[in-house]
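Student: There's a structure below that I have some questions on.
No lab work stands behind these numbers, since they all come straight from the coordinates. Quick caveat, the model's predicted, so the values are computed rather than measured. When we count neighbours, we look across all protein chains shown, and the Cβ atoms used for this are built from the backbone with ideal geometry, even at glycine.
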Amino acid sequence: MHVNKLVINQDQFPTQEDYPFNLSILQKTKALDLTTPVTVFTGENGTGKSTLLKAMCVRCNIHIWEGINRVKYEQNRFEDKLQHALDINWVNGTAPGSFFSPELFRNFSQLVDEWAVNSPGILELYGGESLLTQSHGQSTMAYFRSMYNRKGLYFLDEPEAALSPKTQLDLLELLNEKSSKEDAQFIISTHSPILMSCEQAELYSFDNHCIERIDFKDTSHYKVYNQFFNM
């Protein structure tokens, strides 16, 4: 464990009217205790899971690789300010880590290929093969297997978007393996019941007025899948 508590300071919100500071879950949740090596954020789209995940990552001084910057039709000057209202409680000082998002991974893979032109050895850090020559799922798992062999605090934003159900099981196996060691901690936003079932995971639901712990079988995702398979 590297981080064991997240504090949300509502008195430091620059506004109560604009996203994400207008979300009830952020206005009414004081703190989250992180007591297991895997923390899972679950909930419907638009509830703030990814926004809080990214803000935590930035607050932990972990770089987020970005894609090409585009001009937006509507600008929200508050959307990337949440990290300033967060406090992180480290267990034994800061730790290195990484942020994964399927939508940003392609850009990251292209950068690795560019680096490898002059430094081919860098590919050994990511499985020994160009990430661009593999399928999306294959390259993603190659990245996970190499990256998560190192000590770190790892943030994953809906990684299932890049993975088939079978490959999600591969990631689940990897999470179960790595989270049993003392030097890896994972914080994951996901809609995948497969990933939610991780043995070491503590689940937090974003579907109510504040962020609350929830059991795996009480999640809306589990119930929807269970209902579907029993039709």
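Student: From the residues SER98, GLN10, ILE214, which one has its Cα farthest along the dipole of the chain in the positive direction, the dipole being from +1 and -1 charges on Cβ of Lys/Arg and Asp/Glu about the Cα centre?
Tutor: Toward the positive end, the furthest listed residue is GLN10.
Student: While we're looking at this one, here's another question. Run the helix sum for the chain: -39,500 (n - 2.57) per DSSP H stretch of 4+ residues, divided by residue count, reported at 222 nm to the nearest 500 deg cm²/dmol. Walk me through the numbers before you get to the answer.
Tutor: Details: 7 runs with 73 residues, N = 231.
Value at 222 nm, helices only: -9500 deg cm²/dmol.
Student: For the range 136-195, report the % of Cα-Cα distances exceeding 15 Å.
Tutor: Details: 788 of 1770 pairs.
Considering the range 136-195, 45 percent of its Cα-Cα pairs are separated by more than 15 Å.
Student: Please order ASP11, ASP80 by the number of other Cβ within 10 Å, starting at the fewest.
Tutor: Values: ASP11 5, ASP80 13.
So the residues, fewest neighbours to most, are ASP11, ASP80.
Student: Another question, then. Could you derive backbone 3J(HN,Hα) for the range 151-158 from the dihedral phi with the Karplus parameters 6.51, -1.76 and 1.60 (θ = phi - 60°), listing whole Hz in sequence and x where the residue is Gly or Pro?
Tutor: 4, x, 10, 10, 9, 10, 9, 6
Student: Just in the range 72-157: which trypsin sites (Lys or Arg not before Pro) are loop by DSSP and have at most 10 other Cβ atoms within 10 Å? Write out the running numbers ahead of the final one.
Tutor: Numbers: sites: LYS72, ARG77, LYS81, ARG106, ARG145, ARG150, LYS151; in loops: LYS72, ARG77, LYS81, ARG150, LYS151.
When the trypsin sites (Lys or Arg not before Pro) of the range 72-157 are filtered for loop state and at most 10 Cβ neighbours within 10 Å, LYS72, ARG77 remain.
Student: Taking the highest mean first, how do the peptides 175-186, 109-120 order by number of other beta carbon atoms within 10 angstrom per residue? Before the final figure, lay out each step's value.
Tutor: On the way: 175-186: 18.1, 109-120: 12.9.
Going by the mean number of other Cβ atoms within 10 Å, highest first, we get 175-186, 109-120.
Student: Amide H neighbours of THR39 under 5 Å, counting only residues 5+ apart in sequence or on other chains, H built in-plane at 1.01 Å?
Tutor: The list, which skips near neighbours in sequence, is PHE186, ILE187, ILE188, GLU202.
Student: While we're here: Nearest 5 percent is fine: what portion of the DSSP beta bridges confined to the chain is antiparallel? Let's see the in-between values first.
Tutor: Details: 10 of 29 bridges.
Antiparallel bridges make up about 35 percent of those DSSP assigns within the chain.
Student: Find, to one decimal place in angstroms, the Kirkwood hydrodynamic radius of the range 89-231, where the mean of 1/r is taken over every pair of different Cα atoms and then inverted. Provide the component values of the computation, followed by the final result.
Tutor: Working: mean 1/r = 0.0602 Å⁻¹.
With all distinct Cα pairs of the range 89-231 included, I get 16.6 Å.
Student: Right, here's the next one. Counting only residues 5 or more places away or on other chains, whose amide H sits under 5 Å from the amide H of ILE211 once H atoms are built in the peptide plane?
Tutor: THR29
Student: For the residues ASP18, ASP215, ASP157, what sequence is obtained by ranking on other C-beta atoms within 10 Å, fewest first? Intermediate values should be presented prior to the final figure.
Tutor: Working: ASP18 14, ASP215 9, ASP157 23.
Fewest-to-most Cβ neighbours within 10 Å comes out as ASP215, ASP18, ASP157.
Student: What list do you get for PHE21, PHE78, PHE100, PHE228 if you sort them by fewest beta carbons within 10 Å? Intermediate values should be presented prior to the final figure.
Tutor: Working: PHE21 19, PHE78 16, PHE100 22, PHE228 8.
Going from least to most buried by this count: PHE228, PHE78, PHE21, PHE100.
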